[in-house]
Amino acid sequence: MESKARESDSDCVEVPLDPIEDIFDAENADNTNRDQQEMSYFGKTQQLKRNFGFLSIAGFVCSLLSTWECMFAVFTYGFSNGGPAGLVYGYLFCWVGTLATVASLAEMASMMPLAGGQYHWVSILAPARWAKFLSYITGWVTIIGWQAGQASVAFLAASIIQGLTILNYPNYNATRWQGTLIFYAVIAVIVFINTYLARWLPKIEGMILILHIAGFFVVLIPLVYLAPHGSASDVFATFLNTGGWETNGMSFFVGLVTSVFSFLGADSACHMSEEIQNASTVVPWVMISSIMLNGILGLALLIALLFCLGDIDNALNSPTGFPFIEIFMQATYSKAGCTVMTSLILVLLAAAAIGIMATASRLLWSFARDGGVPFSNYLDRVDARTALPLYSILVSTTISLLLALINIGSTAAFNAIMSVNVAAFFSSYIIAITLLLHKRLRNNPIKDNLRWGPWHMGPIFGPIVNVVGLAYTMITMFFSFFPANYSPSLVNMNWSCVLFGASIIFSVVFYQFCGKHSYKWPLVAPNRRNQ
């Protein structure tokens, strides 16, 4: 490996160039060698193109998170359980918890910058006798989370299209099957960009980042300037418990799903690691900076929205199905103005779905490369011409199309997929962070000998952050399975526990019959297996 690195270094200086170009090319060569050496250490070879730098992947992650946009789309859940005050304090709680969780994940991403993310980290951190099984289950739940996230965000975009149609054409009778067809149209656009326009994806994501930040002001300014304003007590001291829970505290935790969902997806950078230059340094900083930026934008717009609620009953009972559309309407007194503001959120949510499909397909491809899913010999293929995992993109698309059929039978059942999204993500985080914390506290240099990356929180600060992240993920995962009402019917019951449980059972059964024979975790130094 060292000889190859030396050969690459010598190649970089053979052609005389401008001094600035010399420095630029030398830096790129160093980063390329480093990325290749890190992959080689874990038994992987470079198959995808490293098209992303810091700014382009920052745009990718920030737009995928779409914190302030998602907060508008799922506003009802937190407002019904918690009210204005619950939303504000819940948002702050989730922001701090997400920062701790993401910082823990960032440390592992720096240690092992591979597309598999959580399941790769678990394979290294777990005791040898459990490493294969835990890594395999972590891979499955992570895939479940990203596939569910892809369907959830695309469904939100399709539902907003129906909401805008209702706003502008009051006689329109929205049906679930029409919503499913609109969903298919949204997915078609997303697939087109992820395949035919894939080589332009870094530049597209950079433009989306600009729109993400500019859109914040486009929505904030008219909302604050035109809408009627409430008092501070209306925002910071008003709790609602429309779910009928025994205490406001229980209602508060049930309503956290709005803020939790708004912060999901920062680990997307991990699953794009093999397409990022200098990944072990860039990925952690992108994860942290995206949570900070999106957290600030989301908090500002949440407070602005709560001060400008207007008639709460009209907002909650809006025929569009989205309270924020009615709030925009009350603020602008103009269907055109409301449509423009809502359309901006729609475009940004669709842009987020583009990044989610890219992430979901890379993760599926990575897991197939390690023999973790059925038909791995097809799903692990990379198209030679485009350097894209086209089979994985096709399967991810098919999964979304099939999930959308659930909406025809029951919108409530499809909405449960959002809770599955939370549960799957957080269960993968819990496994990985628990194993990292265990090694930290055990502090056995012979057995553990961790290969830390350049982004490292240290022996004192690190464990504290890990504990905070674990506490947050456990609490929010537990309440993600709760229904919105204390006494739900079969129609509005949260069926996510059934869907998630069935997925886990399938993965365990598949592991016993096939997975344990075909699944290969990353190759590392031989002394790693003596745990």
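We did not get these values from a lab; they are worked out from the coordinates using the rules stated. What you see is a predicted model; the values in this text were computed from it and never measured. We place every Cβ from the backbone using ideal geometry, glycine too, and count neighbours over all the protein chains shown.
Extension gain, residue 410-residue 517: 0.36 nm per intervening residue step, less the Cα-Cα distance, totals 34.7 nm.
Whole-Hz Karplus values for the stretch 454-471 come out as x, 9, 9, 7, x, x, 9, 5, x, x, 5, 5, 4, 5, 4, x, 5, 4 Hz, taken residue by residue from phi with 6.51 cos²θ - 1.76 cosθ + 1.60 and θ = phi - 60°; glycine and proline positions read x. In plain terms, the chain from residue 313 to residue 377 could stretch by 17.6 nm, reckoned as 0.36 nm per residue minus the Cα-Cα distance.
Taking amide hydrogens as placed 1.01 Å from N in the peptide plane, the amide H of residue 241 sits under 5 Å from those of 82, each at least 5 positions away in sequence or on another chain.
Given the DSSP H assignment, sum -39500 (n - 2.57) over each helix run of at least 4 residues in the chain and divide by its residue total; what's the result at 222 nm in deg cm²/dmol, nearest 500?
Helix contribution divided over all residues of the chain: -23500 deg cm²/dmol.
Residues whose amide H lies under 5 Å from that of residue 49, counting only those 5 or more places away or on a different chain, are absent; hydrogens are built 1.01 Å from N in the peptide plane.
Cross-linked pairs 439/520; 203/439; 132/203; 132/439; 439/516: Cα-Cα separations exceed 28 Å for 203/439; 132/203. Across the stretch 51-530 the C-alpha pair distances fall into 10 Å bins from zero in the proportions 4, 21, 32, 27, 12, 4, 0, 0 percent. Annotation: amide H of residue 370 has no partner in the under-5 Å range at sequence separation 5 or more or interchain, hydrogens built in the peptide plane.
Which log10 I(q)/I(0) values, to two decimals, does the stretch 49-177 give at q = 0.12, 0.20, 0.21 Å⁻¹ under the Debye formula with one point per Cα? Values, matching the q order: -0.72, -1.31, -1.34. Determine the shape class of the stretch 127-236: with a ≥ b ≥ c the square roots of the Cα gyration tensor eigenvalues, call it rounded for a/c under 1.5, and otherwise prolate if a/b is greater than b/c, oblate otherwise. Prolate.
For the stretch 504-513, backbone phi angles converted through the Karplus equation (6.51, -1.76, 1.60; θ = phi - 60°) give residue-by-residue couplings of 5, 4, 4, 5, 5, 4, 5, 4, 5, 8 Hz, Gly and Pro being listed as x.
Derived scalar couplings between HN and Hα for the stretch 55-63 equal 5, 5, 6, 5, x, 4, 6, 4, 6 Hz in order, rounded to whole Hz, by the Karplus curve 6.51 cos²θ - 1.76 cosθ + 1.60 (θ = phi - 60°), x for Gly and Pro. Modelled this way, with points 7 Å down the Cα-to-C-beta line, the labels at residue 171 and residue 289 are 5.3 nm from one another.
Full extension of the segment from residue 181 to residue 229, taken as 0.36 nm per residue of separation minus the current Cα-Cα distance, would add 13.4 nm.
When you restrict to C-alpha pairs under 8 Å that are six or more residues apart and normalise by the size of the chain, the relative contact order lands at 31 percent. The alpha carbon convex hull volume per residue for the stretch 378-484 rounds to 167 Å³.
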